[in-house]
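Visitor: Please read through the structure below; I'll follow up with questions.
The values are calculated or read from the model by the stated rules, or taken from the named source; none is laboratory data. Keep in mind that this is a model prediction, so the values were computed, not measured. Glycine also receives a Cβ, built like all others from the backbone with ideal geometry; neighbour counts cover every protein chain displayed. Areas reflect the complete protein model, heavy atoms only, side chains present, ligands, DNA and RNA absent. Shrake-Rupley method; radii C 1.70, N 1.55, O 1.52, S 1.80 Å.
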Amino acid sequence: RNAYINAPECLNNDLSLKSRPHIFLAGQITGVEGYVESASSGLVAGISLARRMLGLPPVDFTTRTAIGALAHHVSGATGDFQPMNANFGLIDPCEKRIRNKQERYAHVAARALDTIEAIRSNPLACDFDRTLQN
C-alpha cells in the first residue's frame with residue numbers, strides 16, 4: 001500500500017506546500033505512481049525551488065506535456081483524488097481530430113517537445129541555463 005497526501009488540498013502547481021510554500025514535495029508522496037513519474041515530480045520540484053531561490057518566476061510545464069499534466073493532476077484534481085501514472089488521458093488532446101492512435105500520440109508527443117523547447121528558450125518564462133549554472 002502506498003502512502004500519499006491529499007495533494008490537491010496540500011500542493012501548489014510547482015509542488016510546494018500551500019501551507020508552507022518554502023517546502024517542496026516530490027515522488028510517490030505527491031500522488032504520482034511509477035519511477036519515471038516520481039523523477040518527473042522531482043524535476044518540477046527541483047526547478048521550482050531553484051527558480052524561487054534565484055528570484056525567478058515559476059515554470060508551468062502546462063497540461064500539453066506529461067510533466068506538467070502530472071503536476072496539474074496532483075495539485076488540482078477534483079473529487080476523489082487517486083494516485084496516477086503518466087498517460088495520454090492527462091495531456092491536453094489534439095487541436096484537430098486524428099483518428100489513427102499512433103499518429104495522434106506522435107502529434108501529442110511532438111507538441112509536448114515543442115512546448116518544452118518554447119519554455120526553455122523563453123527567458124521570461126524559464127531560464128534553465130542560469131538555473132542549472134547556479
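Visitor: Looking at (1) open to solvent by 20 Å² or more (accessible area, probe 1.4 Å); (2) modelled with pLDDT under 95; (3) over 25 Å from Ser121 (Cβ atoms), which is the one condition that is false for Val32?
Guide: (1)
Visitor: Within the range 21-40, track down each residue that is outside any helix (DSSP H, G or I) and touching a Gly at 6+ places or on another chain (Cβ under 6 Å). So that I can check it myself, show each step before the final result.
Guide: Just the residues of the range 21-40 that are outside any helix (DSSP H, G or I), to begin with: 21-27, 31-34.
Ala26, the sole residue that qualifies.
Visitor: Hey, another quick one. Considering only residues that are surrounded by fewer than 15 Cβ atoms within 10 Å (Cβ to Cβ) and either under 16 Å from Leu90 (Cα atoms) or hydroxyl-bearing (Ser, Thr, Tyr) (or both), which ones fall in the range 35-49?
Guide: Tyr35, Val36
Visitor: Can you confirm whether the range 11-28 contains a residue that is aromatic (Phe, Trp, Tyr) and open to solvent by less than 20 Å² (accessible area, probe 1.4 Å)?
Guide: Scanning the range 11-28, I find no residue that is aromatic (Phe, Trp, Tyr) and open to solvent by less than 20 Å² (accessible area, probe 1.4 Å), so the answer is no.
Visitor: Could you look through the range 75-117, keep only residues that are of a type in the set (Gly, Ala, Ser) and assigned to a loop (DSSP other than H, G, I, E, B), and pick out the one that is least open to solvent (accessible area, probe 1.4 Å)? Before you say what the answer is, go through the steps one by one.
Guide: The first filter runs over the range 75-117 and keeps only residues of a type in the set (Gly, Ala, Ser), leaving 75-77, 79, 86, 89, 106, 109-110, 112.
Imposing the further condition that a residue be assigned to a loop (DSSP other than H, G, I, E, B) reduces the set to 77, 79, 86, 89.
Working: Ala77: 24, Gly79: 75, Ala86: 48, Gly89: 71 Å².
Among residues in the range 75-117 that are of a type in the set (Gly, Ala, Ser) and assigned to a loop (DSSP other than H, G, I, E, B), the one least open to solvent (accessible area, probe 1.4 Å) is Ala77.
Visitor: Can I ask one more? For Leu43, all conditions in the list (1) assigned to a loop (DSSP other than H, G, I, E, B); (2) at pLDDT 90 or above hold save one; what is the number of the exception?
Guide: (1)
Visitor: A further question on this structure: Return yes or no: is Arg52 open to solvent by 60 Å² or more (accessible area, probe 1.4 Å), outside any strand (DSSP E or B) and in contact with an Asp or Glu (Cβ under 9 Å, 6 or more places away or on another chain)?
Guide: Yes; evaluated as a whole, the condition is true for this residue.
Visitor: Could you run through the range 1-20 and say how many residues are assigned to a loop (DSSP other than H, G, I, E, B) and either free of Cβ contacts under 8 Å to residues at least 24 places away in the same chain or of a type in the set (Val, Ile, Thr) (or both)?
Guide: Of the range 1-20, the ones assigned to a loop (DSSP other than H, G, I, E, B) are 1-6, 12-15, 18-20.
Retained after the next criterion (residues that are either free of Cβ contacts under 8 Å to residues at least 24 places away in the same chain or of a type in the set (Val, Ile, Thr) (or both)): 1, 5, 18-20.
Number satisfying all stated conditions: 5.
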